1. Using the Cβ atoms and a cut-off under 11 Å, what net charge is assigned to the surroundings of B:Ala56, where Lys and Arg are +1 and Asp and Glu are -1?
2. Under the 0.36 nm per residue contour assumption, what length would be gained going from the current alpha-carbon distance of B:Asn224 and B:Gln326 to full extension?
3. Across segment B:291-369, what fraction of all alpha-carbon pairs, as a whole percent, falls in each successive 5 Å bin from zero upward?
4. Among B:Gln115, B:Gln190, B:Gln128, which one shows the highest mean-square fluctuation when chain B is modelled as a Gaussian network with alpha-carbon springs under 10 Å?
5. For a label point 7 angstrom out from the Cα of B:Ser98 toward its Cβ, which stretches of segment B:256-276 have the backbone nitrogen within less than 19 Å?
6. Over the whole of B:171-178, what's the average partner chain Cβ count within 10 Å per residue? Rounded to a whole number, please.
7. Rank-order A:250-256, A:108-114 by packing density, defined as the average count of other C-beta atoms within 10 Å over each peptide's residues, highest first.
8. Each residue of segment B:39-46 in turn: what ³J(HN,Hα) in whole Hz from Karplus with 6.51, -1.76, 1.60 and θ = phi - 60°, glycine and Pro shown as x?
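Read-outs: derived from the displayed coordinates by stated rules, not from any lab. Predicted model, so just to flag it, every value in this text is computed and none were measured. Note: ideal-geometry Cβ built from the backbone for every residue, glycine included; neighbour counts use all protein chains shown.
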Amino acid sequence: MEGTQLGQIPAKATTGAGQGAVDEVDLTPVRTYWQLARQRFMQHSLAVVGLIVMAILVTLALVVPTITGSLYAKTSLSLANHPPSLLNPFAPLGYDSIGMNVFIRLVKALQTSLFVGFSAVSIIVVVGITVGAIAGYVGGAVDNLLMRLVDVVLSLPSFFLIVMMVALFGTGNAIVVIVAIGIVGWTTAARLVRAEFLSLRETDFVQAARALGAGDRRIIVRHMLPAAMAPVVVAATLGIADSVVVEATLSFLSFGISPPEASLGNMLTNAQEFFYRQPILILYPGLTLILVVLAASFMGDGLRDALDPRQRVRK
Amino acid sequence: MSGQTWADGAAIEPIEASASLVRANGGAGRVLLRAEHVVKHFPIRGGLLGVTTIGAVRAVDDVSFEVRRGETLGLVGESGCGKTTLGKVILRLIPATSGQVYVDDRPLFDLNATQLKEARRDLQVVFQDPYASLNPRMTVGEIVGEGPLVHGLTDKAKREELVRELLAKVGLNQSHIHRYPHEFSGGQRQRIGIARALALNPEFIVCDEPVSALDVSIQSQVLNLLDDLQQELGLTYLFIAHNLAVVEHISDRVGVMYLGKLVELADVDPLYAAPKHPYTVALLSAVPEPDPRRRKKRLVLKGDVPSPAAPPEGCRFNTRCWLREQLGNPERCETEEPVFRDVGAGHLVACHFSEEVTPQAIASAAERQLPVIGA
């Protein structure tokens, strides 16, 4: 990293000196906003751990099910309750009570959960930012209307709303689960963005941009959204953890993704049924869930620091 | 002039061309900006849904004045008197409740979006807080170059050249172009803000307390910079401040505001030597005396500034006016709003009894207050 930046210095120094004798040469390497953000993120060791764990989980979730195909749903009763064994590379976590390969199933479940988590958060972020930005920027009656809508959504017991939607529009369908979580969850993001926009609209730098003749789109995209993004990114990363937990809860209550499809929630349900025979089965999906949630939370913390340009980059 | 070099290349709208023509012909002394009966009321909302208007904060209430080309018009007043709001309203950064501002006889408040964007090239602003006025996520180059970019200078290399020129002009190191605002000191940041305002080659700059947030040692540097730039580029300033010494130093004419109204407007020397409004007298008597051996007689106003949501009837200053007390509380002050009138040589005052503001009257008012000050 240092090497590549050092390479830029001579060029910088000559242009600086060429302009006039008054100039002292600025030897600070030129770094963009994103380079600085990445450096700040890298200084946050827990966040880096979170990122690594998340990267491993995502890679596993993408690679293993592609190789193993539909094996996650295959039952072979002869292998039922086979104990975990590291000696068996094909089934290191053994087989469950109906002879399904626990490892393959766990990775498939992880894939489902992450898919649900990321997709639901995408809906939350897109809807939340749009609604919040419009409310905060336009203000007045529009703001009032949108915020009352938020109040209505917030006043409904969210989990029952999700259960109801899933029950009505198709139990066991991941898409329905995602949309349900999204519809219920966008309110927090909308409120965050609106609050940021309300205060940003009055800041001097936004006023200065307006005085320069910048249009609404430029002011929103260039000046207000980047400043409003930090809390949203943090909320979104934490939202991934939330969504994964909600999906697991739904599946645990048999409203979410049902067998033979795999999800961390329905694996927990399954493990709970056979708790006395094979208690260890509850550990795998449980631990995976904890890993996902912790990794997302740590990343959220790191991102919050990284996206604040006033945080110093330590040398 | 730097701004011109690129503007000439890009398609320039007539307004810019005519404005610079006037400047080239030495149009000093002619009216550049005329504010007529500018009113800004902020509604106080209440009711169940918060949509019913239950009152208004009269931040700016019927203010009229002119700014002449090439001059610096100072605007002073206490905190909350509406100076900053007035500055933002005449730049159309916040919409006026009523009134009109004419820039070169064009009605600013009636311009459509395209015309307004063009007009903004001539009207710029430097804000008070050098920390809040620069976007922390943009480099100095992006900040200063934004105006030219918005107005069609899309060539990145040309823009950077212009920005470097501007940085040099405001006394900043050109090689700092890729740095972020938080890497600079307050004074340097204010210079960046000034460079941003200059980037569009404006005629008129509203300086909204540009030095209030700076160290005293830095204040004079920034003031001198503003002064030099005015000489060099023929700029016109509306200089808003609460520091009377600073305003005296930089202004050609000075307006005094109280509770959303302009109460006095005159050339700087007559105003400081012989103020005609009792409020200005009191304001000036609050300027600290640098010589500790000289005992200065001060006129201390009683009470607080009334709420701008419910200003007093008649003259707004009548609740605190020492002159009114001295004259035996004439009823006129409470019933009739004073006209902003010319009391000679363009000295405008909004007081029924400004002829009574004599050195003797001031001295005797201060005399009566002396025991209070000593206690």
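1. +2
2. 32.5 nm
3. Final binned percentages: 3, 13, 20, 21, 20, 13, 6, 3, 1.
4. Taking springs between Cα atoms under 10 Å, the residue moving most is B:Gln115.
5. The answer is B:260-262.
6. Average neighbour count from other chains, rounded to a whole number: 6.
7. Values: A:250-256: 22.4, A:108-114: 26.3.
The most tightly packed comes first, giving A:108-114, A:250-256.
8. Result, rounded to whole Hz: 10, 9, 10, 9, x, 9, 9, x.
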